[in-house]
Amino acid sequence: MNLELFDDFDTAPVTSELLCDGAMVLRRFALQDGKDLLAAVDAIAQHAAFRRMETPGGLRMSVAMTGCGAYGWISDRSGYRYDSVDPLTGLAWPRMPHLFLELARRAAAQAGFDGFEPDACLINRYEAGARLSLHQDKDERSFDHPIVSLSLGMPAVFLFGGLQRADRAMRIPLMHGDAVVWGGPARLRYHGVLPVKASPHPLAGDCRINLTFRKVT
Ligand code: MD6
Ligand code: FE
């Protein structure tokens, strides 16, 4: 008789993979909350719609973005920044759902960063072909806090490089429910996302959703 305890997709254990000092993947971390997280994203997008922002160089990003919490990340012709007002509506960003906060705190703690209190959640939506070129997350006031990333929907390959743009990047497949946490010595590593392949997901349909939690101020 097979008494394998963890053969069920929904109850498989969370496992962690250290990428380098300060960076960790927590596999299946948000798997059980996937449906609730996606419903919360839909509710947020009704007030702060997904939009493809323009880069300072005048290109249109392939990833559509929105956000919640006290601050939202914005890109336009004048640069990158955080703002407490959504430029599309002139209103504050939607509140951060308690589930988001709770998961972000818990993922950070599990990776060794206690006391993480994010004030921004950037929500990225990738349709097939969308990508994110190598970048550093450096628009926050301090780099003393980690970043927590939750992936939902279609899988993607995450590029995880070094402190210089030209450093060789690891390729890390991220699936629905996986979390990535990085901070400390890894906080300013370059990273990106390869063009996402179409593979419709039972809960998210034809897209990948990524939530990144930051402490901006
Ligand atoms: C994404 N994520 O996975 C894009 N940044 O869609 C990021 O740019 C990111 O996952 C900092 C830390 C974790 C991340
Ligand atoms: Fe990033």
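Annotations for the structure displayed:
- Cβ-Cβ contacts under 8 Å between residues 6 or more apart (or on different chains), taken from a first residue in segment 132-152 that is acidic (Asp, Glu) and more than 8 Å from ligand 1 (Cβ to nearest atom) to a second residue that is open to solvent by 30 Å² or more (accessible area, probe 1.4 Å) and in a loop (DSSP other than H, G, I, E, B), are listed as Glu140/Lys215.
- Residue check for Asp167: part of a loop (DSSP other than H, G, I, E, B), closer than 16 Å to Gly192 by Cβ, within 16 Å of ligand 2 (Cβ to nearest atom) and more than 17 Å from the chain's Cα centre (by Cα): yes
- Within segment 191-214, residues that are within 20 Å of Ile172 (Cβ to Cβ) and hydroxyl-bearing (Ser, Thr, Tyr) have Cβ atoms under 7 Å from residues that are open to solvent by 20 Å² or more (accessible area, probe 1.4 Å) and more than 11 Å from ligand 2 (Cβ to nearest atom) in these pairs: Ser199/Pro155, counting only partners at least 6 apart in sequence or on another chain.
- Listed by position, the strands (runs of 3 or more DSSP E) inside segment 104-164 whose residues that are farther than 17 Å from Glu17 by Cα and modelled with pLDDT of 95 or more number at least 3 are 120-127, 132-135.
- Just one of the listed residues (Met96, Met65) is surrounded by 13 or more Cβ atoms within 10 Å (Cβ to Cβ) and either in a loop (DSSP other than H, G, I, E, B) or among the hydroxyl-bearing types (Ser, Thr, Tyr) (or both), and it is Met96.
- Checklist (1) among the β-branched types (Val, Ile, Thr); (2) free of Cβ contacts under 8 Å to residues at least 60 places away in the same chain; (3) within 13 Å of ligand 2 (Cβ to nearest atom) applied to Ile123, failing item: (2)
- Every residue from segment 80-119 that is within 16 Å of ligand 2 (Cβ to nearest atom) and more than 23 Å from Arg27 (Cα to Cα): Tyr80, Arg81, Tyr82
- Selection status of Arg187, within 16 Å of ligand 2 (Cβ to nearest atom), surrounded by fewer than 20 Cβ atoms within 10 Å (Cβ to Cβ) and under 15 Å from the mean Cα position of the chain (by Cα): no
- Test result for Ser142, within 11 Å of ligand 2 (Cβ to nearest atom) and open to solvent by 10 Å² or more (accessible area, probe 1.4 Å): no
- The set of residues from segment 111-129 being out of contact with any strand residue (DSSP E or B) (no Cβ under 6 Å at 6 or more places or on another chain), over 20 Å from Ala64 (Cα atoms) and surrounded by fewer than 21 Cβ atoms within 10 Å (Cβ to Cβ) comprises Gly112, Asp114, Gly115, Glu117.
The values are calculated or read from the model by the stated rules, or taken from the named source; none is laboratory data. Because the structure is predicted, anything quoted here is derived from the model rather than measured. Glycine gets a Cβ as well: all are built from the backbone with ideal geometry, and neighbour counts include every protein chain shown. Protein only, heavy atoms only, side chains kept; ligands, DNA and RNA dropped before computing areas. Shrake-Rupley method; radii C 1.70, N 1.55, O 1.52, S 1.80 Å.
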